[in-house]
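Here's the structure we're looking at; comments come further down.
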Amino acid sequence: MLNIVLFGPPGAGKGTQSERLINKYGLVHLSTGDIFRSNIKGQTDLGNLAKSYMDQGKLVPDSVTIDLLRAEVLKHDSAKGFIFDGFPRTNAQAKALDVFLKSMGASITVMLSLDVEDEELKKRLLKRAEVSGRADDADPKIIDNRIAVYHKETAPVKSFYDLQDKLISIKGMGSVNEITERLFVSIDAL
Ligand code: B4P
């Protein structure tokens, strides 16, 4: 199995690049952000809970997110592999994912971490707000909070994979095509 953690700050291009990777490598794309947004749209209990955190730029609690992710993986028992987009976002999520994959006789192959400067992230998210209707993209203060939460709670997850020799940092500045090419080169060299 090829199991990729596509990692990076909010607006780094995880969702954008995931679309291209699934086409080339035939992987199942699991985006916790997308799953939360579809629950918000359907006004489910999970959606209402997630919205109360996402609208403030906070992370949804680990207990909820980990259970959700496990359930999604189990829906795809014949998958060639997964792209985990936006998960894990905390060390607790990373540990839980390792334990869960091990129970299935699998593991993470690589973490591809997109490095993008904070000012560029803010520009991208404000631009997306013009079309996305996402409350968490529209307010510069909430964007600042998402970036601060990333540096404090999420960036440490890189060390978790670095210690396992699975971290590859990718320059996430430049055109979408240039970044896709860098990702393809790294994956093809695995
Ligand atoms: P996510 O849905 O994961 O999304 P994201 O961080 O906003 O963005 P992503 O990196 O995917 O950006 P994209 O490609 O779209 O998270 C949203 C929220 O959900 C979190 O804040 C949190 O509250 C919650 N959540 C999700 N997972 C969680 C977890 N595991 N635990 C707890 N909470 C969780 O790119 C952004 C924009 O930039 C797009 O408009 C795109 O077109 C543009 N763009 C991309 N690449 C570009 C490039 N190279 N140049 C110019 N623009 C580019």
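Using equal-weight Cα scatterers in the Debye expression, the normalised intensity of the stretch 139-184 in log10 at q = 0.33 Å⁻¹ is -0.97. Annotation: extensible slack from D55 through A189 equals 44.3 nm (criterion: 0.36 nm per residue apart, minus Cα-Cα distance).
Based on the Stokes-Einstein relation at 37 °C and a viscosity of 0.692 mPa s, and on the Kirkwood radius from alpha carbon pairs, the stretch 93-160 is assigned a translational diffusion coefficient of 232 µm²/s. Computed packing ranks the peptides 76-87, 43-54 as 76-87, 43-54, most packed first, by mean other Cβ atoms within 10 Å. Compared with the alpha-carbon gap, the fully stretched path from N48 to L163 is longer by 37.8 nm at 0.36 nm per residue.
Reported to the nearest whole Å, the Cα centre-to-centre distance from the stretch 31-67 to the stretch 111-190 is 19. Counting only Cβ charges, +1 for Lys and Arg and -1 for Asp and Glu, the dipole size of the chain around its Cα centre is about 180 debye. Once the Cβ-Cβ distance of K152 and E178 is raised to the sixth power relative to R0 = 45 Å, the FRET efficiency obtained is 0.95.
Between the beta carbons of D62 and E130, assuming R0 = 30 Å, the FRET efficiency works out to 0.40 to the nearest 0.05.
Only Cα pairs under 8 Å and 6+ residues apart enter the sum, and on that basis the relative contact order of the chain stands at 33 percent.
Size of the chain: Rg and Dmax of its alpha carbons, in Å, are 15.8, 44. With the largest listed first and rounded to whole Å, the semi-axes of the equivalent ellipsoid of the stretch 20-87 from the Cα gyration tensor are 24, 12, 11. Taking 24 Å as the limit for the C-alpha separation, the pairs K41/K171; K75/K171; K123/K166; K14/K166; K51/K171 exceed it in the case of K41/K171; K75/K171; K123/K166; K51/K171. Stretching N145 away from K123 to a fully extended chain increases their span by 6.5 nm, per 0.36 nm per residue minus the current alpha-carbon distance.
None of the figures in this text is laboratory data; all of them are computed from the coordinates on show. If you're wondering where the values come from, they're calculated on a predicted model, not measured in any experiment. Counting neighbours? That spans all protein chains shown, and the Cβs are built from the backbone with ideal geometry, glycine included.
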